[in-house]
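K.L.:
Below is the structure I would like to discuss, written out as structure tokens.
The values are calculated or read from the model by the stated rules, or taken from the named source; none is laboratory data. What you see is a predicted model; the values in this text were computed from it and never measured. Reconstructed Cβ throughout: ideal geometry from the backbone, glycine too, with neighbour counts over all protein chains shown.
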Amino acid sequence: MAEQPGTLLYYLKRSTEFLEKKEIPNPRVDAEWILSDLLNLPRIKLYSQFEMPLGQKEIDLYRERIVERSKRKPVAYITGKKGFHKFEYFVSEDVLIPRPETEELVDYLWKRKDNLLATNSAEEGIQIWDLCSGSGCIGLSLTQLLNTSVVVLSDLSEKAIEVSQRNAEKYKLTDKVNFYVSDLDSSLPDDLKFDLVVSNPPYIPESEKPEIMPDVLEYEPHLALFVSDFKEFHKRLLSVVKNRLHPGGKFMMETHPLYMDDVETLATELGFLSSKRILDSSKKERFFFAEAPPLP
Ligand code: GLN
């Protein structure tokens, strides 16, 4: 049966066809996400509302947003939000859109939360630093999933820090989290040390730019994605982390599978112990885990 013109299903189908013609990879799913956000309805609810007529304002807004998607703007930037683990965070073009791999990093730590205590005194809660925090998805999720006493989020980008502050407000975490606009630890108080440092730093070498899909390349912040010299940057990052960990403190980072050897070598040279490579769900070596030496 043909759908009635003017109904939700009618616009959903026209939008899907339009996105398909523009070679957007998942046209129907994207058209649904954009519509569900616009109507403030869970995506699944659209299916019971197919016959609902759309108002002129909704039609105009929907068309505008579908055109944006046809130009490759990621859905998360159109709707301004992205589901991540058990949460949903605000995103803007000032931050990287949280990736499913990064949810796996959070999950890994959550499942091992009892082993993250670096010191005997850590029963009051662990001290965490999310370095290169972007939207705050890692640090703010861990704040809600672990027993924390101190949480620091830092990013080089002031605008990213503003996004993460908005996310902290959404989840009423502003009392628990300290934010720093900082190049690595340069703006952090000297005496701050941590039980756990987590990071999803920029890790794609500039040379891979031609392989990156336009949705990412044209919309996501290059500062959060690309490094000009992987080894040089990671050497700095790892040595800062090492200095900021309590004895026995843990470090977990997302990285580029092709550079895992470099990361492991750098960490070993700096004196990290118990290095571990952890696979993501696509079986790529995506995460690096290591520990600072315990007290002698
Ligand atoms: N995983 C991201 C991507 O593939 C990159 C994230 C990063 O550089 N930290 O686009």
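K.L.:
Please verify whether Val227 is within 16 Å of the ligand (Cβ to nearest atom), free of Cβ contacts under 8 Å to residues at least 60 places away in the same chain and surrounded by fewer than 20 Cβ atoms within 10 Å (Cβ to Cβ), treating the condition exactly as stated.
P.N.:
Details: within 16 Å of the ligand (Cβ to nearest atom): yes; free of Cβ contacts under 8 Å to residues at least 60 places away in the same chain: yes; surrounded by fewer than 20 Cβ atoms within 10 Å (Cβ to Cβ): yes.
In short, yes.
K.L.:
Would you pick out the residues in the range 59-107 that are of a type in the set (Phe, Trp, Tyr) and within 16 Å of the ligand (Cβ to nearest atom)?
P.N.:
Within the range 59-107, Tyr77, Phe84, Tyr89 meet the criteria.
K.L.:
Given the condition within 16 Å of the ligand (Cβ to nearest atom), over 25 Å from Ser239 (Cα atoms) and basic (Lys, Arg), answer yes or no: does some residue in the range 173-181 qualify?
P.N.:
no
K.L.:
Which of the residues that make up the range 238-296 are part of a helix (DSSP H, G or I), charged (D, E, K, R) and under 20 Å from the mean Cα position of the chain (by Cα)?
P.N.:
none
K.L.:
Out of the residues in the range 195-204 that are near the ligand (Cβ under 10 Å from one of its atoms) and not in a loop (DSSP other than H, G, I, E, B), state the one that is surrounded by the fewest Cβ atoms within 10 Å (Cβ to Cβ).
P.N.:
Ile204
K.L.:
Identify the residue in the range 150-169 that is of a type outside the set (A, V, I, L, M) and touching a helix residue (DSSP H, G or I) at 6+ places or on another chain (Cβ under 9 Å) and, among all such residues, is farthest from Cys132 (Cα to Cα).
P.N.:
Here the answer is Asn167.
K.L.:
Right, Phe233: touching a residue at least 60 places away in the same chain (Cβ under 8 Å), surrounded by 13 or more Cβ atoms within 10 Å (Cβ to Cβ) and under 23 Å from the mean Cα position of the chain (by Cα) or not?
P.N.:
So Phe233 fails the test.
K.L.:
Let me ask something else. Give the residues of the range 123-167 that are small (Gly, Ala, Ser), modelled with pLDDT of 95 or more and more than 15 Å from Trp110 (Cα to Cα), sorted by residue number.
P.N.:
Ser133, Gly134, Ser135, Gly136, Ser154, Ser157, Ala160, Ser164
K.L.:
Let me ask something else. If the requirement is being exposed (fewer than 15 other Cβ atoms within 10 Å of the Cβ) and within 22 Å of Ala160 (Cβ to Cβ), which of these qualifies: Gly55, Gly80?
P.N.:
Only one candidate qualifies: Gly80.
K.L.:
Report, ordered by the first and then the second residue, all pairs with beta carbons closer than 7 Å, sequence separation of six or more or different chains, a first member in the range 1-13 that is at pLDDT 95 or above, and a second member that is part of a strand (DSSP E or B).
P.N.:
What qualifies is Thr7/Pro53.
K.L.:
Can you tell me which residue in the range 14-36 is surrounded by the fewest Cβ atoms within 10 Å (Cβ to Cβ), limited to those that are in contact (Cβ under 8 Å) with a residue 24 or more places away in the chain and not hydrophobic (A, V, I, L, M, F, W, C)?
P.N.:
The residue in question is Lys22.
K.L.:
Looking at the range 37-54, which of its residues are touching a residue at least 40 places away in the same chain (Cβ under 8 Å), in a loop (DSSP other than H, G, I, E, B) and either more than 13 Å from Leu12 (Cα to Cα) or in contact with a strand residue (DSSP E or B) (Cβ under 8 Å, 6 or more places away or on another chain) (or both)?
P.N.:
Scanning the range 37-54 gives Phe50, Glu51, Met52, Leu54.
K.L.:
Still on this model: Considering the range 249-271 alone, what residues qualify as being buried (at least 17 other Cβ atoms within 10 Å of the Cβ) and away from the ligand (no atom under 16 Å from the Cβ)?
P.N.:
Scanning the range 249-271 gives Gly249, Lys250, Glu264, Leu266, Ala267.
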